[in-house]
Amino acid sequence: MIQISFPDGAVREYQDGISSMDIAKSISEGLARKVLAAKVNGQVWDASRAITADATLQLITWDDAEGKNTFWHSSAHLMAEAVEALYPGVKFWVGPALDRGFYYDMDLGGRQMTDEDLIQIEKKMNELAKQNNPYIRKGISKQDAIQYFEEKGDEYKLDLLSGLTDGDISFYTQGAFTDLCRGPHIPATGAIKAIKLTSISGAYWKGDEKNKMLTRVYGVTFPNKQELDAYVLMLEEAKKRDHRKLGKELSIYTMDDDIGQGLVLWMPNGTIIIEELEKLAKETEEAADYKRVVTPHIAKESLYITSGHLPYYQDSMYPPMELDGTKYYLKAMNCPHHHKIFSAELRSYKDLPLRLAEYGTCYRYEQSGELFGLMRVRCLHMNDAHIYCSKEDFAQEFRAVNEMYLKYFKIFGIDKYVMRLSLHDPAKLGKKYIDEPELWIETEEMVRKVLIESGTPFVEVQDEGAFYGPKIDVQIWSAIGREFTLATNQVDFAQGRRFKLEFTNKDNSPETPLIIHRAPLGTHERFIGFLLEHYAGKFPVWLAPLQVKILPISDKFMDYALAVKAKLRKAGVRVEIDDRSEKIGKKIRDTELMRVPYMLVIGEKEVAENQLSVRRQGKGDTGTQLVDAFVDLVVDEIENRKSAE
């Protein structure tokens with residue numbers, strides 16, 4: 001017999017070799033019908049897999065993140081089965097689950113997939129799902145696995161096998177389809193009730209533009225049609241809010257092949273938004289006693305060797321420039337530069353915490369297949385800062401950074417968020433992570449304690465820490481429920497020693513500071529992309545590139561319009577006059593399309609009564625107001641950074 005411990009603290013005894021699904025059935029048949037997988041001793045398993053020793057057990061359903069991940073990965077296999085049935089000879093690379101849905105990369109032998117093909121694949125997937133075929137796991141030797149894919153002629157799976165260890169290889173089969181996979185998977189295809197294939201794109205094999213272009217098919221599935229219908233509605237709204245579409249329509253930014261992929265040209269409207277965000281950040285950081293610095297866009301190779309970034313991040317950095325026998329790199333991160341500023345002067349405990357802030361420009365050579373509008377770029381402007389503090393000050397400083405996030409969330413109307421505590425993987429110490437096991441455990445517990453004591457919602461994720469310490473990734477959701485990674489808050493116990501950073505402590509002894517890396521507003525690029533979608537281009541007045549547009553009904557009211565414009569300009573309001581010889585209806589429609597918060601219609605009555613006919617974006621006519629009253633209204637919205645209504 002074995003002892004099974006449940007999340008609620010209960011411990012039950014079961015026969016050795018029982019599966020998680022049978023345990024679920026022993027509790028209730030209703031629960032068993034919901035189980036998609038199981039977490040056994042912290043690892044997600046197939047619900048059908050035998051448990052042969054005492055273990056902790058959490059039954060995983062659709063309501064759990066791991067349940068959705070397993071469901072969508074299993075759906076990727078179902079899609080591959082459908083594709084293989086429809087297009088014999090297709091070869092597959094990888095088919096992971098995403099935050100929402102899944103994709104599979106495939107080689108169709110030169111065939112171009114179309115939207116009509118997606119309809120046929122969906123139809124086939126529904127047919128296969130109804131067969132309720134189980135997902136069956138089978139351990140297999142490396143030799144037998146190689147033989148299977150050699151006979152199938154699939155060089156992509158053979159490439160994957162070359163990096164796997166014999167004894168740690170498994171196949172999964174459902175229906176007529178077998179795939180190389182470590183799993184886990186849901187019990188059977190019948191759980192997949194609603195299917196939508198969303199798009200087709202090209203994807204270089206292994207993300208390398210020198211390799212062959214594969215076909216990537218995206219999809220999403222749900223356990224019921226109601227959730228799919230809600231998701232489709234969200235997709236339709238998301239298309240309207242696509243930051244790439246809105247960025248062009250509202251003249252926020254552009255890109256040009258002569259400049260280069262992933263390099264953003266900010267137009268005047270976008271530059272205004274950048275300057276307003278910087279103004280907010282600078283005011284907030286000045287109130288929190290940050291000191292502003294400016295650092296170069298390039299540095300010598302030796303700086304990044306000292307920091308340790310080159311061994312870990314060289315693939316994401318632009319190649320070096322060599323001058324007079326010295327290699328220089330475009331700056332991919334600000335922290336080494338800030339460390340040099342810290343070390344430029346003698347420091348004592350009285351100087352700490354020292355908070356150095358910069359809107360630094362960084363360059364990262366993202367693979368072309370990964371570039372995506374403002375969300376993944378090669379030149380980024382980061383709301384960066386580094387806090388140098390003692391261990392005694394760490395909790396207070398880390399908590400203050402988190403509170404800064406919450407202040408920003410309130411300003412921008414972000415209601416749903418979670419802090420993701422990213423930890424290290426002990427098996428990867430010395431490879432992916434600095435080999436300091438005791439410091440990892442200590443700093444992870446320090447961060448965890450701050451989050452718990454401050455009541456901050458968070459989840460823990462293994463193997464996603466920075467190479468020099470644990471970090472918090474800030475996940476936020478837009479107004480339509482789309483998830484974004486906004487920013488990061490990182491603990492660094494390694495860089496201080498690498499750069500020989502010291503301060504004199506109260507005992508008059510040298511001590512190495514802890515370093516907090518933080519960027520509450522992330523980068524201009526990603527954050528403005530998020531805001532475009534969050535607000536659907538309808539920015540709050542304080543952030544809108546153009547805050548007020550004056551619409552005179554005819555030229556004979558132009559003098560009054562100019563006087564109103566001058567008064568608004570003097571009050572610091574961004575205002576323009578539409579002086580075109582167009583009918584007032586067209587002027588209103590055009591201004592609505594540009595998402596200008598306020599429109600002021602001026603005609604004979606308004607001039608006679610020293611008033612304005614006010615229209616609000618999304619609300620239409622709100623009545624008339626005296627000029628001074630309107631100016632006060634707008635200035636109040638701007639100065640208090642009121643949220644969009």
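The values are calculated or read from the model by the stated rules, or taken from the named source; none is laboratory data. Computed from a predicted model, the values in this text were never measured in an experiment. With ideal geometry, Cβ positions are generated from the backbone for all residues, glycine too; neighbour counts draw on all protein chains shown.
Quick look at the values:
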item: Options ARG376, ARG292, ARG364; residue that is within 30 Å of GLU511 (Cβ to Cβ) and among the basic types (Lys, Arg); result: ARG292
item: Condition check for ILE195: touching a strand residue (DSSP E or B) at 6+ places or on another chain (Cβ under 8 Å), under 15 Å from ILE121 (Cβ atoms) and in contact (Cβ under 8 Å) with a residue 60 or more places away in the chain; result: yes
item: Every pair of residues 6+ apart whose Cβ atoms lie under 6 Å, when the first sits in region 237-249 and is touching a residue at least 40 places away in the same chain (Cβ under 8 Å) and in a helix (DSSP H, G or I) while the second is of a type in the set (A, V, I, L, M) and surrounded by 15 or more Cβ atoms within 10 Å (Cβ to Cβ); result: GLU237/ILE480; ARG241/ALA536; HIS243/LEU374; HIS243/LEU532; LEU246/LEU532
item: Top-ranked residue of region 348-365 - restricted to ones that are over 17 Å from GLN396 (Cα atoms) and in contact with a Ser or Thr (Cβ under 7 Å, 6 or more places away or on another chain), ranked as surrounded by the fewest Cβ atoms within 10 Å (Cβ to Cβ); result: SER348
item: Residues located in region 101-121, provided they are under 22 Å from HIS185 (Cβ atoms) and either of a type in the set (Phe, Trp, Tyr) or out of contact with any helix residue (DSSP H, G or I) (no Cβ under 8 Å at 6 or more places or on another chain) (or both); result: PHE102, TYR103, TYR104
item: Which listed residue, of GLU227, GLU209, is loosely packed, with under 13 Cβ neighbours inside 10 Å and not basic (Lys, Arg); result: GLU209
item: Hits in region 578-592 (condition: exposed (fewer than 14 other Cβ atoms within 10 Å of the Cβ) and in a loop (DSSP other than H, G, I, E, B)); result: ARG580, SER581, GLU582, LYS583
item: All positions within region 96-108 that are surrounded by 23 or more Cβ atoms within 10 Å (Cβ to Cβ) and under 20 Å from the mean Cα position of the chain (by Cα); result: PHE102, TYR103
item: Count of residues meeting criterion [at negative phi, of a type outside the set (A, V, I, L, M, F, W, C) and part of a helix (DSSP H, G or I)] in region 176-219; result: 2
item: Qualifying positions in region 403-439 - surrounded by 14 or more Cβ atoms within 10 Å (Cβ to Cβ), under 27 Å from LYS331 (Cα atoms) and either among the acidic types (Asp, Glu) or in contact with a strand residue (DSSP E or B) (Cβ under 7 Å, 6 or more places away or on another chain) (or both); result: TYR405, ARG420, LEU421, SER422, LEU423, HIS424, GLU436
item: Residues within region 608-627 that are in a helix (DSSP H, G or I) and within 25 Å of PRO545 (Cβ to Cβ), tallied; result: 1
item: Scan of region 544-577 for residues that are hydrophobic (A, V, I, L, M, F, W, C), assigned to a loop (DSSP other than H, G, I, E, B) and either more than 30 Å from VAL264 (Cβ to Cβ) or in contact with a strand residue (DSSP E or B) (Cβ under 8 Å, 6 or more places away or on another chain) (or both), ordered by number; result: LEU546, ILE553, ALA571, VAL573
item: Flag for ALA24 being surrounded by 20 or more Cβ atoms within 10 Å (Cβ to Cβ), farther than 25 Å from GLU460 by Cα and not assigned by TED's automatic domain parsing to the domain that holds ASP463; result: yes
item: Candidates ALA563, ALA608, ALA571, filtered to the one that is farther than 27 Å from LYS279 by Cβ, modelled with pLDDT of 95 or more and surrounded by fewer than 17 Cβ atoms within 10 Å (Cβ to Cβ); result: ALA563
item: Number of the condition not met by LEU158 [criteria: (1) surrounded by 13 or more Cβ atoms within 10 Å (Cβ to Cβ); (2) of a type outside the set (Val, Ile, Thr); (3) farther than 18 Å from PHE92 by Cβ; (4) in contact with a helix residue (DSSP H, G or I) (Cβ under 8 Å, 6 or more places away or on another chain)]; result: (3)
item: Residue under evaluation ALA65, criteria (1) modelled with pLDDT of 95 or more; (2) farther than 21 Å from GLY9 by Cβ, criterion not met; result: (1)
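Yes/no matrix, rows are residues, columns are (1) of a type outside the set (Ser, Thr, Tyr); (2) within 13 Å of the chain's Cα centre (by Cα):
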site: GLN475; (1), (2): yes, yes
site: ALA479; (1), (2): yes, no
site: THR485; (1), (2): no, yes
site: VAL491; (1), (2): yes, no
site: GLY496; (1), (2): yes, no
site: LEU501; (1), (2): yes, no
site: ASN505; (1), (2): yes, no
site: THR512; (1), (2): no, no
